[in-house]
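Heads up, the thing below is written out as C-alpha cells.
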Amino acid sequence: MAHIETWHRCPVCNQAYNNQGKAVKCRNNHPIKAESWAVGKDGKAVRILDRCTFNGRGGVNWALQEADLSDDIKMRTKQLEEGNR
Ligand SMILES: [Zn+2]
C-alpha cells in the first residue's frame, strides 16, 4: 500500500531531502549574494551593472550620477541643466 513521506525542500535550490537537518544544512550552505548599489542624496538606489556598449548605461560613474537624479522628468531636466552650468 502506498505510504506518506515528508520531504524537506531547500527553499534556495529546491533540492529535496528526507530529513530536516540535511535541508537546513543545504540552505545554510548557499552563499549570500553581494550586490553593488549607488545610493543618491535623496535615497534613490541604482544597481551598479556592467556598462552597456549599446546605450552607454551602467558602470559605476553612470550609477552614481543616476542615483542623484530625480525620477520626476521635470525635476530631472532642471537638475541636468543646473549640473551643466
Ligand atoms: Zn539548497
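The values are calculated or read from the model by the stated rules, or taken from the named source; none is laboratory data. Note that the structure is predicted; figures quoted are calculated from it, not measured. Here the Cβ is made from the backbone with ideal geometry for all residues, glycine too, and neighbour counts use every protein chain on show.
Things worth noting here:
- Qualifying positions in the stretch 13-65 - of a type in the set (Asp, Glu) and modelled with pLDDT of 95 or more: Glu35
- If you go through the stretch 17-52 and pick out every residue that is in contact with a strand residue (DSSP E or B) (Cβ under 6 Å, 6 or more places away or on another chain) and within 10 Å of the ligand (Cβ to nearest atom), you end up with 2.
- Considering the conditions (1) under 20 Å from the mean Cα position of the chain (by Cα); (2) surrounded by 10 or more Cβ atoms within 10 Å (Cβ to Cβ); (3) within 16 Å of the ligand (Cβ to nearest atom), Arg9 is excluded by exactly one of them, (1).
- Evaluating Gly58 against the criteria (1) of a type outside the set (Ser, Thr, Tyr); (2) away from the ligand (no atom under 16 Å from the Cβ); (3) closer than 30 Å to His8 by Cα leaves one unmet condition, (3).
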